[in-house]
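The values are calculated or read from the model by the stated rules, or taken from the named source; none is laboratory data. Since we're looking at a predicted model, the values are computed, not measured. As a convention, Cβ positions derive from the backbone with ideal geometry for all residues, glycine included, and neighbour counts pool all protein chains shown. Side chains included, ligands, DNA and RNA excluded: accessible areas come from the protein's heavy atoms. Shrake-Rupley method; radii C 1.70, N 1.55, O 1.52, S 1.80 Å.
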Amino acid sequence: MAIYGDFEYHAFNDIIKVLQRHTGVLFMRTALAGRSVEMHLKDGTLNALFIDGFPVSEPLRIRDTISTLTSAASGEYSFEVGEITQQVSFPLDDLIRDVISTAKIPDQQLPHQETRFEWQTNASQVQVPPALQNSWSSVSPLIRQGASAIDLSRQLHISEHEARVTLYRLRAAGLVTPQRAAGAFHDPRGTSAPSPASAMSGTSQPLPAQQPQQQAGPVRRLLNALRRLTGGNAL
C-alpha cells in the first residue's frame, strides 16, 4: 500500500507529522535539489537515510539534510507501508524542532495572516527549543485563547511577516495549533491517525493521488490525516 503527493501542496514537516506513527519508506524522487532521498521511518524515528541510493549515517549530515528538506523540499513523494532498514536511530520530532528554529521558511509555507492559533493541547509539556524561548515567552500569553499573525503584529509591534514566521516555527515545535484543529492530538495511538491539523496556509489544497485498494486500514487513516492537514473532509 502507498500514498503519493507533491511538496507543492504539502510541507515536508507536515508530511512527517502525518507519518510519525507508521512504519515504512518515504521516497522523494527530486526533493534535495534534484537528488533523491529515501527515509526509513518507524514510530516517529528515522532508522535509515539514503541520498541517491547511498546511505548517510553522520549526524551532522543527517541534520543538514532534514534542514534542507524542511525549507526547500520539492517534487513528488511517496510513502510505502512495510519493512524498513535499520542503520541509525534519530527521533524525527527532535530533528525537525531543532532545524525549524533557524531554517529559512519559504513564504508559501507560512500561515495566512488571519488564521488564528492557540496553545497545543500538551504545550506546557513540550520542551521549547532554545532558539524559540524568547518568542514563546512573548507570544504564549497572547495566544493562549487564540490569536492570528495580525493580532500578534499589532500587540508585539512586529511585521505581519515576522508574526507568520513565528507562528510557523511554534507550530512546528508542537506548541501551537490552528484553532479549528485544537485538541487533535489527544490520542495519537487511537483509532484516528495522528493529525497535523490543517495546512499552515489555512487554505485547501489538492490531495495526494491514491490507489483504489488503499481505502482501508493505516493508509486510509493517513489519507484522512492529510485531508485534515489541508482543510478538507475525512473519507
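Could you list, in sequence order, all residues of segment 120-135 that are crowded, with 19+ Cβ neighbours inside 10 Å and either under 18 Å from residue 94 (Cβ atoms) or of a type outside the set (S, T, N, Q) (or both)?
120, 123, 128, 129, 132
What is the residue count in segment 143-155 for residues that are at pLDDT 90 or above and surrounded by fewer than 16 Cβ atoms within 10 Å (Cβ to Cβ)?
3
Cβ-Cβ below 8 Å, separation at least six or inter-chain, first residue in segment 83-95 and under 20 Å from residue 17 (Cα atoms) and touching a residue at least 40 places away in the same chain (Cβ under 8 Å), second small (Gly, Ala, Ser) and open to solvent by 60 Å² or more (accessible area, probe 1.4 Å): which pairs?
Pairs found: 88/57.
Among 108, 113, which is the only one that is of a type outside the set (Ser, Thr, Tyr) and either more than 16 Å from the chain's Cα centre (by Cα) or at pLDDT 90 or above (or both)?
That would be 113, the only listed residue that is of a type outside the set (Ser, Thr, Tyr) and either more than 16 Å from the chain's Cα centre (by Cα) or at pLDDT 90 or above (or both).
Which members of segment 110-156 meet the condition of being aliphatic (A, V, I, L, M) and in contact (Cβ under 8 Å) with a residue 24 or more places away in the chain?
110, 123, 126, 128, 131, 132, 139, 143, 147, 149, 150
Just to verify a result, which residue in segment 157-175, among those that are open to solvent by 50 Å² or more (accessible area, probe 1.4 Å) and without any contact (Cβ under 8 Å) to a residue 24 or more places away in the chain, is farthest from residue 106 (Cα to Cα)?
Looking at the filtered set, the residue picked out is 157.
To keep it simple, each residue is scored yes or no on (1) open to solvent by less than 50 Å² (accessible area, probe 1.4 Å); (2) among the polar types (S, T, N, Q).
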site: 30; (1), (2): yes, yes
site: 41; (1), (2): yes, no
site: 50; (1), (2): yes, no
site: 53; (1), (2): no, no
site: 57; (1), (2): no, yes
site: 63; (1), (2): no, no
site: 69; (1), (2): yes, no
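Residues of segment 30-72 being of a type in the set (A, V, I, L, M, F, W, C), at pLDDT below 95 and under 13 Å from residue 92 (Cβ atoms), which ones?
62, 66, 69
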